[in-house]
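Peer 1: Okay, here's the structure, questions in a sec.
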Amino acid sequence: MNEKTNGAQARKPYIISMLVEDKFGVLQRISGVFSRRGFNMNTITVGRSEQQGVSRMTITTTGDKRMVEQIIKQLNKLVDVIKVIELEENECVTREIALAKVHVKDYAARNELTNFTNIFRGKIVDVGPNSMMIEITGTSDKIDGFIELLKPFGIKEFVRTGITALSK
Amino acid sequence: MKMSGAKAIVEALKREKAETIFGYPGGVIMPFYDALIGEEGVRHVLTRHEQGAVHAAEGYARASGKVGVCVSTSGPGATNLVTGIADAFMDSIPIVALSGQVVTSLIGNDAFQEADMFGITMPITKHNFKVVNAKDLVPSLKMAFTLAQLGRPGPVHVDLPKDIQTAEVEFDYPDKIVIPTYQPKIEPHPIQVKRAAELLGDAERPVIMAGGGVISSNASRELTKLAEMLMSPVVLTLMGKGAMDERHPLCLGMAGMHGRMSANYVLNNCDAMLAVGCRFDDRITGDLKHFAPEAKIIHIDIDSAEIGKNVGVELPIVADARKALTAIIDALAKVKKRKDSSEWQKRMKELMEACECDYGCNSTPIHPARVIWELNKLMPKNGIITTEVGQNQMWAMHFFKAHTPRHYISSGGLGTMGFGLPAAIGAKAACPDKPVLNVAGDGSLLMVCQEFTTSVEHDLPVTALVMNNNWLGMVKQWQKLFMKGRYSGTKLGKMPDFVKLIDAFGGKGERVERPSEIAEAIKHGLKSGVAYLIDVLIDPEADVLPMVPPGGRVDQMIPSDRCGKISRLVKR
């Protein structure tokens, strides 16, 4: 293959962290770059940062190196974007929160689920007659693992926030 | 100083030296229009459609290098600006589009003539503003004009709710502002410059490809100087036309899909390519896998995102084109050992000569190349050409020898039919002393022909040279070449009598049916002093050739019947 063309390179997940002005339309501008240019966005989290009027946004995407470079350059061009960096997995801390509402048919199930939650350092945040809601925080892998454990109980509803990350 | 928002907009226009603006009024932009009354410093040109206004603003910007301004009302007025804003975005043209918006209390209620222009223009502007607090009005306007020009130029849209125009604001308008979150890199990195000079000095077959960035950074002189130092051929992209005098012995004219065979040949056979202010559009590269296979590419662009977007490069230089070229010239002067490129120069000369085919053909119906040939002879040095989009554009691109930056204006990236006439009017407004001629097609011109009224009413005389073949010719050509001649929707059946049409608009015109009549008609048009239309009946079977088929290789062009000599040469 000619090295000048944008051919398929190895695709892998990337984490992009950015500081953006807290102005209306900023989320639309950023998601617009992804949709218009055909980049995929796996997760996005946004919230206040340490600076007044500035939000920190974490986006995860899957693609090749070249695509991620393009994403970063295109995002950097946006006037409301202050800074964009790619976070290497071993140089940052990533966290995700999941809430899972799980079916519990009897006392034994309730007991087992409580044990699992403790092992994973989760929290039981709500208890109903036939269900329990569990909050768990951690890396995406940890949450994936926990969800697998929950499946046999019967997951009624389930949500996860997407990754938020900070460089070390 | 306190004043109404509307007055503040007018004052901002005066501060930005936007002495001519193009617009069309409507309900919610009325406070602004009211504030224009009695203003000597801002001339308002009433176009006859908002699309005319935005293309005129583009023509004004492209011809003058200043920011073009257009104005519309909300809703339909503003959506009519969209095509021109997208056009300016693709071609990196600095314009500020102002549109009215319903009062802030009604925004989101689907009020009369409400459209979400902030959302609509977001992906086709460099930046846009929706002013919902009166205190943000003046800073937003200053930001808009600054951003339109700073770094890579582009369109900026400002949405102006009616109550913001009537509110009282403080007019505190700084001459210059710094936008901390938008700081383009202007100066080239010295190490990269040195490497570029070494790489070029080490090339046996160098080529320079110049795009629109050379024009927007006023780098034509530096481009020519560097080419002469290297004795390197220069090819132009469509947007780069005018960046170098095409009569210069090193300039091979336009490359790409409808470019010259000689230009495509050098592009594809070089061993070092200096690409400056261009973005490797698919119309230039054709099949990327076979594009310039042996070239080490140096890419200069002020927008780092353009580098590596379409082709991988050996050496990126993020900087202003003029600064980068100047630095490379200085660095090259210090490179002692330079490779011998005399073989390449000989080859280039040979190709250039072979590519100069005779198109003074005398056949009737008229061959379009003959029309441009006459134009080449008659267009005065200070004359400005605009084009529509389609075959007319590509004949002009291929055969017209542009020589001066900002004197050859065309819709490049977006390929907007209906661009040429209003752009010509805008160019005329920017340069009233220069003759302006629009190379048009019968299809394109009819999309915007109402703007002849603008031309007549505002005393902005332009000439339309209509390549009339009664077809939507470019699409027809593709149907002929790639769809087995199945013509669908491309025959222009009942068309108006163009000479009567221009007469109805208050201009003058004539019809040309024989090659011998072309020159006289162009002379009439250029000195008419009023909107003029030359209806040239051209051969409906004439195609734009040579041509790279879409997605094809640039070294495998479909030749024209005049390409015999150059075809044989490039195969060697």
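Peer 1: May I ask for the distance between the Cα centers of region A:46-68 and region B:430-470, given as a whole number of Å?
Peer 2: Spelled out, the Cα-based centre of one part sits 48 Å from the other.
Peer 1: I'd like the distance between the alpha-carbon centres of region B:131-150 and region B:45-81, rounded to an integer number of Å.
Peer 2: 18 Å
Peer 1: Less than 12 Å apart at the alpha-carbon level, and either on another chain or at least 8 residues along: which aspartates and glutamates does that give for B:K480?
Peer 2: Partners within reach: B:E541, B:D543.
Peer 1: Is there a quick way to get the dipole size of region B:190-355? I mean about its Cα centre, with the Cβ of Lys and Arg at +1 and of Asp and Glu at -1; what is the value in debye to the nearest 20? Spell out each step's value before the answer.
Peer 2: Values: 23 positive and 22 negative charges, 68 e Å.
The dipole magnitude comes to about 320 debye.
Peer 1: For region A:93-167, calculate the relative contact order in percent as a whole number, restricting contacts to Cα pairs under 8 Å that are 6 or more residues apart. Could the numbers behind the result be given before it?
Peer 2: On the way: 123 pairs, mean separation 38.7, N = 75.
Contact order relative to length: 52 percent.
Peer 1: Just to confirm a number: summing +1 for Lys and Arg and -1 for Asp and Glu over residues other than B:S341 whose beta-carbon lies under 11 angstrom from that of B:S341, what do you get?
Peer 2: On the way: positive: B:R205, B:R338, B:K339, B:K346, B:R347; negative: B:D202, B:E204, B:D271, B:D340, B:E343.
Local net charge: 0.
Peer 1: Right, next: Loop-only check: which chymotrypsin sites (Phe, Trp or Tyr not before Pro) in region B:75-135 are DSSP coil with at most 16 other Cβ within 10 angstrom? The partial results should precede the final answer.
Peer 2: Working: sites: B:F89, B:F112, B:F118, B:F129; in loops: B:F112.
Those satisfying the criteria are B:F112.
Peer 1: Same structure, new question: Going Cα to Cα from A:K142, which lysines come in below 16 Å? Please leave out same-chain ones fewer than 8 positions away.
Peer 2: A:K123, A:K151
Peer 1: Right, another one. What are the lysines whose alpha-carbon lies under 17 Å from the alpha-carbon of B:K377, with same-chain residues fewer than 8 places away excluded?
Peer 2: Cross-link targets: B:K401, B:K434, B:K523, B:K527.
Peer 1: What value, in deg cm²/dmol to 500, does the helix sum -39500 (n - 2.57) over DSSP H runs of n ≥ 4 give at 222 nm once divided by the residues of chain A?
Peer 2: Rounded to the nearest 500, it is -9000 deg cm²/dmol.
Peer 1: State the number of lysine pairs found in region A:12-87 whose Cα atoms come within less than 17 Å, restricting to pairs 8 or more positions apart or on distinct chains. All intermediate terms of the calculation are to be shown ahead of the outcome.
Peer 2: Details: A:K12/A:K65; A:K23/A:K77; A:K23/A:K83; A:K65/A:K73; A:K73/A:K83.
Lysine pair count for region A:12-87: 5.
Peer 1: Using Cα pairs under 8 angstrom and six or more residues apart, how large is the relative contact order of chain A, in percent? Before the final figure, lay out each step's value.
Peer 2: Numbers: 291 pairs, mean separation 44.1, N = 168.
With pairs under 8 Å counted, the relative contact order is 26 percent.
Peer 1: Rounded to the nearest 5, what % of DSSP beta bridges with both residues in chain B are antiparallel?
Peer 2: Working: 6 of 70 bridges.
Here the antiparallel bridges make up roughly 10 percent for chain B.
Peer 1: Let me ask something else. Have a look at the DSSP beta bridges in the protein assembly as shown and tell me what percent are antiparallel, nearest 5.
Peer 2: 45 percent
Peer 1: Quantify how strongly other chains surround peptide B:428-440 by giving the mean number of their Cβ atoms within 10 Å of each of its Cβ atoms. All intermediate terms of the calculation are to be shown ahead of the outcome.
Peer 2: Values: counts 0, 0, 0, 0, 0, 0, 0, 0, 0, 0, 0, 0, 0.
Taking the mean over all residues of the peptide, I get 0.
Peer 1: Can you count the Lys pairs in region B:2-170 whose Cα atoms are under 12 Å apart, with each pair 8 or more apart or on different chains?
Peer 2: Numbers: B:K2/B:K135; B:K14/B:K142; B:K17/B:K66; B:K130/B:K162.
Counting lysine pairs in region B:2-170 gives 4.
Peer 1: Something else: Considering the options A:I15, B:L199, B:V158, tell which one lies farthest towards the positive end of the dipole of the protein assembly as shown, charges being +1 on Lys and Arg and -1 on Asp and Glu at the Cβ, about the Cα centre.
Peer 2: Positive-most Cα among the choices belongs to B:L199.
Peer 1: Another question, if that's okay. Can you compute the helix-only [θ] at 222 nm over chain B? Use -39500 (n - 2.57) per DSSP H run of at least 4 residues, normalise by all residues, nearest 500 deg cm²/dmol.
Peer 2: Numbers: 24 runs with 220 residues, N = 572.
It comes out at -11000 deg cm²/dmol, rounded to the nearest 500.
Peer 1: Can you tally the net charge around B:K480? Count Lys and Arg as +1, Asp and Glu as -1, for every other residue whose Cβ sits under 13 Å from the Cβ of B:K480.
Peer 2: Working: positive: B:K476, B:K484, B:R486, B:K491; negative: B:E541, B:D543.
It works out to a net charge of +2.
Peer 1: Okay, moving on. Compare the peptides B:232-238, A:43-49, B:56-62 by average per-residue count of other Cβ atoms within 10 angstrom and give them in order, highest first. Please list the in-between numbers first.
Peer 2: Numbers: B:232-238: 28.4, A:43-49: 15.4, B:56-62: 32.7.
Ranked by mean Cβ neighbours within 10 Å, highest first: B:56-62, B:232-238, A:43-49.
Peer 1: Continuing with this model, one more query. For a protection proxy built on the mean count of beta-carbon atoms within 10 angstrom, sort B:247-256, A:69-78 highest first, please. Mind showing how you got there, number by number?
Peer 2: Numbers: B:247-256: 21.2, A:69-78: 19.5.
Ranked from most to least packed, the peptides come out as B:247-256, A:69-78.
Peer 1: Report the relative contact order of chain B, percent, no decimals, based on alpha-carbon pairs under 8 angstrom and at least 6 residues apart. Kindly include the intermediate steps, with their values, before the conclusion.
Peer 2: Values: 1336 pairs, mean separation 83.4, N = 572.
This gives 15 percent for chain B.
Peer 1: Let me ask you something else. Estimate the FRET efficiency between B:K571 and B:E314 by the formula 1/(1 + (r/R0)^6), using the beta-carbon distance for r and 41 Å for R0, to the nearest 0.05.
Peer 2: Numbers: r = 28 Å, r/R0 = 0.68.
Calculated value: 0.90.
Readers should treat all values here as calculations from the given coordinates under stated rules, not as data from a laboratory. Computed from a predicted structure; not experimentally measured. A quick note on method: Cβ atoms are made from the backbone with ideal geometry, for glycine too, and the neighbour counts reach across all protein chains shown.
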